[in-house]
Amino acid sequence: MNTPVKFTRHRRTRMTPLLRSMVRETELSKNDFIYPLFSVPGKNIKKEISSMQGVYQMSIDNIVKECEEVKSLGIPAVILFGIPPQKDEVGSGAYDADGIIQQTVRAIKKEVPGIVVITDVCLCEYTSHGHCGIVLGEEIVNDASIELLAKEALTHAQAGADMIAPSDMFDGRVQAIRSILDANHFDNIPIMSYAAKYASGFYGPFREAAESTPKFGDRRSHQMDPANSDEAIREVQTDIDEGADIVMVKPALSYLDVIRRVKDTFHMPTAAYNVSGEYSMVKAAGKLGWIDEQRVMMEILTSIKRAGADIILTYHAKEAAKLL
Ligand code: PBG
């Protein structure tokens, strides 16, 4: 006598590793990753960032070696942040044709062909006050700042950057950058815009790495309020209209819902930045033995991809690539 089926057995397809692999919906790949690097002046420098275990400020000679390793691991791209020798009120080091990033890009392009070099475009690492643009009184000025960001982007492209990634969140910057690139025959250089970037506490460790903590005030007048998601859609729409080729949501983990909305709304190549604080929490808990670090890392990266990200900027890239 047959027993009638009373319920659905979801577990049938979970019984063996092979069955699980057959029904798996999301597969991480090394091709998904962009590895962030911090370039500093000098020679033979490799200084660990105390709040970001395994991440270093490096001089150009070591950045070049690092890029060779990144490439040999099968990671297609790096994104560069620069710490200039001097900072000033208007962030001159950012758009100096011989600035730290411009030199770094030239060195990588010469020594390590076949890796995509992306440059972060912002002024916060270069200004004495640590803000992302020009400051007048209490105000972080928009329109004058985007002209400087456009100049910065142009010098990056002239140095050989393959892709430009504006991270400032000022209005009109994508258009300003697209125009200056096109006017100078860089019309084939893509823009990956930090399109929905939130004013987040998760950037804490990065500011140690990039030495870019604001001396006064905060970034809430240009970065987004963590409470908003419709606004993210408007921000992303604007960047696409202005010429962004890849749109980014940042941070990733507290904003998985935003990644999903952006992907479903625009069907654009979508990036997510698994930021410094997200990385440091995993490292700290792993060090204490409170979590299985590798397992949690892979789960986090998979969740970001499952949410809709095609591209993940992550400090875990090298470790994850070794496991894939
Ligand atoms: C700005 C910039 C920041 C990050 C990337 N680009 C910091 C900020 O907005 O204060 C944060 C990245 C991270 O936390 O890993 N140049």
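Within the range 85-99, name every residue whose backbone N is under 17 Å away from a label modeled 7 Å from Cα of Lys215 along the Cβ vector.
85-94
Could you check the simple spin-label distance between Asp230 and Ser128, using points 7 Å along Cα→Cβ, in nm with one decimal?
The answer from the label model is 4.4 nm.
May I ask you to list the residues of the range 12-47 whose amide nitrogen lies under 20 Å from a point 7 Å from Cα along the Cα→beta-carbon direction of Val5?
Under cut-off, by backbone N: 12-16, 19-20, 23.
Using the alpha-carbon atoms, what tilt in degrees (0 to 90, nearest 10) does helix 143-159 show relative to the longest principal axis of the chain?
80
Gain in length, Asp88 to Trp290, computed as 0.36 nm per residue apart minus the alpha-carbon separation, to one decimal in nm?
Details: separation 202, 0.36 × 202 = 72.72 nm, distance 4.29 nm.
That pair, Asp88 and Trp290, stretches by 68.4 nm at full extension.
Residues with beta-carbon under 12 Å from that of Phe186, excluding Phe186: net charge, scoring Lys, Arg +1 and Asp, Glu -1?
-2
Along the charge dipole of the range 26-323, which of Ala157, Leu288, Leu136 sits closest to the positive end, that is, farthest toward it, with unit charges on the beta carbon of Lys, Arg, Asp and Glu (+1, +1, -1, -1)?
Farthest towards the positive pole: Leu288.
Looking at the P(r) of the chain, how many percent of alpha-carbon pairs lie beyond 24 Å?
Values: 28332 of 52326 pairs.
The proportion of pairs with Cα distances above 24 Å equals 54 percent.
Nearest 5 percent is fine: what portion of the DSSP beta bridges confined to the range 26-323 is antiparallel?
Values: 6 of 39 bridges.
Taking every DSSP beta bridge within the range 26-323, about 15 percent pair in antiparallel fashion.
For Ala97 and Asp241 in one chain, what is 0.36 nm times their gap in residues minus the Cα-Cα distance, to one decimal in nm?
Stretched out fully, the Ala97 to Asp241 stretch lengthens by 48.9 nm.
Report, in debye and to the nearest 20, how large the dipole of the chain comes out about its Cα centre when Lys and Arg carry +1 and Asp and Glu carry -1 on their Cβ. Don't skip to the end; give the middle numbers.
Values: 37 positive and 44 negative charges, 414 e Å.
Rounded to the nearest 20 debye, it is 1980 debye.
Only counting other Cβ atoms within 10 Å, I'd like Glu208, Glu27 sorted with the fewest neighbours first.
On the way: Glu208 16, Glu27 10.
Ascending Cβ contact count within 10 Å gives the list Glu27, Glu208.
What is the fewest-to-most order of Lys30, Lys250, Lys287 by other Cβ atoms lying within 10 Å of their Cβ?
Values: Lys30 16, Lys250 25, Lys287 11.
Least crowded to most crowded, the residues run Lys287, Lys30, Lys250.
Using only alpha carbon pairs under 8 Å that are at least six residues apart, calculate the relative contact order of the chain and give it in whole percent. Numbers along the way, then the final one.
Working: 630 pairs, mean separation 57.0, N = 324.
It rounds to 18 percent for the chain.
Given the Cα-Cα distance of Glu69 and Asn31 and 0.36 nm per residue of separation, how much length would full extension add, in nm? Before the final figure, lay out each step's value.
Values: separation 38, 0.36 × 38 = 13.68 nm, distance 1.49 nm.
Full extension from Glu69 to Asn31 adds 12.2 nm.
In what order do Met281, Met192 fall by count of nearby beta-carbon atoms within 10 Å, going from fewest to most? Don't jump to the answer; show the numbers that get you there.
Numbers: Met281 16, Met192 25.
Exposure proxy ranking, most exposed first: Met281, Met192.
If exposed means no more than 13 neighbouring beta carbons inside 10 Å and the site is in a DSSP loop, what's the longest run of the chain without any exposed chymotrypsin sites (Phe, Trp or Tyr not before Pro)?
Formally, the longest exposed-site-free interval is 8-215.
Ordered by residue, what ³J(HN,Hα) values in Hz, to whole numbers, does the range 298-312 give under the Karplus form 6.51 cos²θ - 1.76 cosθ + 1.60, where θ = phi - 60° and Gly and Pro are x?
Once rounded to whole Hz, the list reads 5, 5, 5, 4, 5, 5, 5, 5, 4, 5, x, 6, 8, 9, 10.
Each reported figure results from applying straightforward, stated rules to the coordinates on display, with no laboratory input. Note that this is a predicted model, so its numbers are computed, not measured. Methodologically, a virtual Cβ is constructed for each residue, glycine included, from the backbone with ideal geometry; neighbour enumeration extends over all protein chains shown.
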